[in-house]
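Structure record follows, encoded as structure tokens.
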Amino acid sequence: MKNRASGLIASLLLAVSHPAFADYKLNLQTPVNDLAREVYGLHTFLLVICTVIFVVVFGVMFYSIFKHRKSRGHKAANFHESTTVEIIWTIIPVLILVAMAWPATKVIIAQKDTRGVDMTIKVTGYQWKWGYDYLDEGFAFHSRLKTPQEQYENFGGEKPVRNADYLLEVDNPVVVPVGKRVRVLLTANDVIHSWWVPAFSVKQDAIPGFIRDTWFQADKEGVYRGQCVELCGKDHGFMPIVVHVVSQEKYAAWVVEQKKLAAASQDDPNKVWTQADSVARGQKVYEANCAVCHKPDGKGQGAFPALDGSKVVTGDKAGQIDILLNGKNAMPAWGKTLSDTEIAAVMTYTRNSWGNKTGEVLQPVDIKTARK
Amino acid sequence: MTTATHDHDHAHDDHHDHHPTGLARWVTATNHKDIGTLYMWFAFIMFISGGVLALCIRLELFSPGLQFFRPELFNQFTTLHGLIMVFGAIMPAFTGLANWQIPLMIGAPDMAFARMNNWSFWLLPPAALLLMISFVVPGGAAAAGWTLYAPLSTQMGMGMDLTIFAIHIMGISSIMGAINIVTTILNMRAPGMTMMKMPMFVWTSLITAYLLIAVMPVLAGAVTMVLTDRHFGTNFFNAAGGGDPVLYQHIFWFFGHPEVYIMALPAFGIVSQVIPTFARKPLFGYHSMVYATSSIAILSFMVWAHHMYSVGMPVTAQLFFMYATTLIAVPTGVKVFNWIATMWKGEMSFETPMLFAIGFVCLFTLGGLSGVVLSIAAVDIQLHDTYYVVAHFHYVLVAGALFSLFAAVYYWLPKWTGYMYDEKMGKFHFWWSMIWFNVTFFPMHFLGLAGMPRRIPDYATQFTEFNTIASIGAAMFGFGQLILLYNVIRTIRGGVGPAPQKPWEGAHTLEWEVPSPAPFHTWETPPPVALVDKLSAEQKLH
């Protein structure tokens, strides 16, 4: 309550331009690189000009409202035009706008200049997660919301204890070295998404079928958070961005670890899986990709059908493979993003979980055959 | 002989007054006043419907977590709230006002195409119905935002198809309404009323009508391309088939930016009628007002991509659209300065229409200034698609367009109904709306600056306080509009007493030369040139 009151008072004072107020969440987030600082300064400059204009113009208006009122016996003057005055109040705004546009032009040119970068990361927007490819290092991973569903699904009136970084935390954050100029290439798998990290002042739409680029540089180690800012469907609000800015040494160690992980997770496409292994692997795939709509208990919700007892899941394998690979209505075509091993595993899992007891084990080669 | 002819004419006139009664009167309406009334009530019903959706949005955002609506339903609410308010409430309300007022203000007996006028109104209820029933079809209503960006809009269920058809129908209605307004103004002005003697509201309606004719077909084209992408295998916006998703945005905003002025210019016109009346002083700089309005209309075609600074345009495009956008501030500034100069050394009184007009000038300017901040592409990169933008456009559309409509309703209600509204209640409605509007939307600037994206059903906990404040404000603002409804119904039923022919002593336009309530037929004989000249002289028009 005290916080709210102090926030309001501060807002009334219009003191939002001072960086110290960033903690009160009244202004842009504290910038951590030169570009973001320039944008921050530019916004402050604009805010001051606009506030001055507002106060002066409406000062005149309110003076008039108090003085020139009928109830005070003021008699109407009869003037109705003045070319001189009108020329003046056309020219002055033009000059003010030039004063605003000039520094802005320099910042825009800097924003758009993606030359001279130290490293490149390709960012792919998916419904509803981000994919990161470290093109120079040759590994890639997906990054999903880490906040557990029970913290945000409170339809029963639950009042859960929420994580400190509620809705702004991911399983696999982006890691970049401090002080390096990072080029970001963006694209999307399905619809338009937009990648935004406010502290870096970087925002760029990710457009399916096209590659866009932008850049950022973080001058201070730390964890920086952002969100998808282009409406991309159901879970648009649940695909945050987390960037860890670390020292060069830590970054190098992280890259080594990521490469090892990538090598370890390479599946042998010809491996023959046992039911237990396939179910265990499938459960991981299911929780990462399917549970958000079909729910962890397979009961589905709303437009998303239940898998528990589903005719598709307990019926002929070919039907389920087709839907998984090619999608149907709101169901994405997972053939594009999951490997044969993963699709086989998740099928084994769904066909042998909850009330489903088919006893079948799908093998990667089954999916490979179906893809042809 | 002469007398006989005269009598015959009178009999003829009386015969005209025998219009159908009951439901048939409204279904077969061709009278501009009846059609104006239909438009206004339709707009009010849509305003309430869109308002209920807004309150559902604010209910879900009252506190963190999802308590009431699943995200997919939440997205349907934001989408339909936008579409209903823009196409169902604001635009039809201005068309309704134009229908009621333009013939009265230019001394014409009716609109030019009376039967087309009937058709252009009666297209609207089916369109609204399509939007409403889209909530109950499989997959629910459109959930891609009111902008219906592809390829998200190509993913939706059949609710999207219903929305596309609704937009087609509303577009046809708007175009027919616009053709009617243009023809009426250009051809049916009373003798002596040259273009430069027309009231400002007539001018802004004329320019708005041209904008509508220019851009509604563009929107129809955009949504038709979405429709064929969805069902007929075209790939306008599908990169896999050689299309470009960003193309949709260019086409949409080529419509969308002039659309902003379609909702703002008539508001400028209303305020330019109301302020001189209650300042008892002629409008300052009538000529520059006309030129400023025209400049805004022309510039509005050259700034569309300022809605797209984050799609990744080349630096030259980024700069061109920034410079062009900032230029719009100049004619808009001229208008604000002219209104203040009109008030300056006037003899002001503060009846409800004047209060709403002043509220409009203040808050519209605030929305204009946040617009200047957003126009600067470098800063917009931080603010695009955040709550800052939500705050900005609600300042120009709610405190702008909607407040001007409130001003218009109170201003002309005595002429329409023949009774005076309750002034005290009107003033209460103003202060209530003014306060709660700001409580709702001012904190959204802070939310946007701090990093809250728009169109999300749940948010990080540091955004809680301002969201809670905004939700409380929205509920108060929303329920407060019932005051208007009550006051209007009460006025129709007698109000606080009969209205004189000219209830506002500072008014000098033609509509105040007919009795209150305005009879079913007015200006069947055009007003005499001497009267038009006298009124023009009072307004210092020459």
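The values are calculated or read from the model by the stated rules, or taken from the named source; none is laboratory data. Note that the structure is predicted; figures quoted are calculated from it, not measured. Using ideal geometry, Cβ is built from the backbone for each residue, glycine included, and neighbour counts are taken over all protein chains shown.
Here is how the numbers come out for the structure above:
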{"item": "Odd one out for A:Gly282 among (1) surrounded by 19 or more Cβ atoms within 10 Å (Cβ to Cβ); (2) closer than 30 Å to B:Ala144 by Cα", "result": "(2)"}
{"item": "Some residue of segment A:115-136 being basic (Lys, Arg), surrounded by 15 or more Cβ atoms within 10 Å (Cβ to Cβ), at the interface with chain B (Cβ under 9 Å from one of its Cβ atoms) and more than 20 Å from B:Tyr459 (Cβ to Cβ)", "result": "no"}
{"item": "Count - residues of segment A:90-104 that are closer than 17 Å to A:Val56 by Cβ and either surrounded by 20 or more Cβ atoms within 10 Å (Cβ to Cβ) or more than 8 Å from chain B (Cβ to nearest Cβ) (or both)", "result": "8"}
{"item": "Filter result for B:Phe77 (buried (at least 20 other Cβ atoms within 10 Å of the Cβ), within 14 Å of chain A (Cβ to nearest Cβ), hydrophobic (A, V, I, L, M, F, W, C) and without any contact (Cβ under 8 Å) to a residue 40 or more places away in the chain)", "result": "yes"}
{"item": "Filter pass, B:Asn99 being buried (at least 21 other Cβ atoms within 10 Å of the Cβ), within 11 Å of chain A (Cβ to nearest Cβ) and at pLDDT 95 or above", "result": "no"}
{"item": "Residues within segment B:279-296 that are more than 7 Å from chain A (Cβ to nearest Cβ) and basic (Lys, Arg), tallied", "result": "0"}
{"item": "Segment B:321-331, subset among the hydroxyl-bearing types (Ser, Thr, Tyr) and within 9 Å of chain A (Cβ to nearest Cβ), residue surrounded by the fewest Cβ atoms within 10 Å (Cβ to Cβ)", "result": "B:Tyr323"}
{"item": "The listed residue being more than 21 Å from B:Gly400 (Cα to Cα), touching a strand residue (DSSP E or B) at 6+ places or on another chain (Cβ under 7 Å) and aromatic (Phe, Trp, Tyr), out of B:Phe135, B:Phe77, B:Phe121, B:Phe113", "result": "B:Phe135"}
{"item": "Sole exception among (1) modelled with pLDDT of 95 or more; (2) under 14 Å from B:Gly418 (Cα atoms); (3) not in a helix (DSSP H, G or I) for B:Ser516, by number", "result": "(1)"}
{"item": "Long-range neighbours under 6 Å by Cβ, at least six apart or interchain, first residue at the interface with chain A (Cβ under 7 Å from one of its Cβ atoms) within segment B:145-159, second hydrophobic (A, V, I, L, M, F, W, C)", "result": "B:Gly145/A:Leu231; B:Pro151/A:Val191; B:Pro151/B:Phe237; B:Leu152/A:Val191; B:Leu152/B:Ala144"}
{"item": "Test result for A:Lys70, within 30 Å of A:Asp213 (Cα to Cα) and among the basic types (Lys, Arg)", "result": "no"}
{"item": "Any pair with Cβ under 9 angstrom, 6 or more apart, that starts in segment A:229-246 at a residue that is facing chain B (nearest Cβ under 8 Å) and ends at one that is of a type in the set (Asp, Glu) and in a strand (DSSP E or B)", "result": "A:Val229/A:Asp205; A:Glu230/A:Asp205"}
{"item": "One residue from B:Phe165, B:Phe135 being under 19 Å from B:Phe74 (Cβ atoms) and either modelled with pLDDT of 95 or more or part of a helix (DSSP H, G or I) (or both)", "result": "B:Phe135"}
{"item": "Lone unmet requirement of (1) farther than 30 Å from B:Thr522 by Cα; (2) at pLDDT 95 or above for B:Trp416", "result": "(1)"}
{"item": "Residue count, segment A:141-169 (criterion: within 14 Å of chain B (Cβ to nearest Cβ) and farther than 16 Å from A:Ala291 by Cβ)", "result": "16"}
